[in-house]
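Colleague: Encoded as structure tokens, here's the structure I'll be asking about.
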Amino acid sequence: MKSRFVAALAASLLMAAPQLAQAQSMDIVRIIGGIGGSEFLHDAGRADSASGLRVVRLSSLAGAQMNAGLLARALEIKQRDVAYLQGNLIINPLATSVIRNSGVSLEQIVSIDLAGDGGGVIYANDL
């Protein structure tokens, strides 16, 4: 009985794997498309008081290499908005510590996604 359950679980995970990879690919496109948008600017404005942050390298997301050109164009167009985010992060001691400890530089930070409690994810461009 137990082995049937394990086999069914394994089969369902294998079938879901392509969707999970697709979801990650959509995440990078969502991150790129969100740079400079209203939610981005709202979160960037609150970045100086953010807590519980972690850094995610864009290269770790599915489809990252495929969308590197799109990211480069977005960063070129939204350079001022990204600088605004970076300026707000530099005055947050926790954020600067998290960034430094993750092995990336402040200049690599391109996006942030904050939750209502101030915790969130900082995205670093390592492509």
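Here, each number is a calculation from the coordinates, and none is a lab measurement. Everything numeric here is computed off the predicted structure, so don't read it as measured data. Cβ sites come from the backbone with ideal geometry, for glycine too, and all protein chains shown count toward neighbours.
Colleague: Just checking, does segment 84-107 include any residue being within 18 Å of Val29 (Cβ to Cβ) and not aromatic (Phe, Trp, Tyr)?
Modeller: No: segment 84-107 contains no residue that is within 18 Å of Val29 (Cβ to Cβ) and not aromatic (Phe, Trp, Tyr).
Colleague: Those residues that are outside any helix (DSSP H, G or I), surrounded by 13 or more Cβ atoms within 10 Å (Cβ to Cβ) and polar (S, T, N, Q), I need them from segment 104-119; list them, please.
Modeller: Ser111
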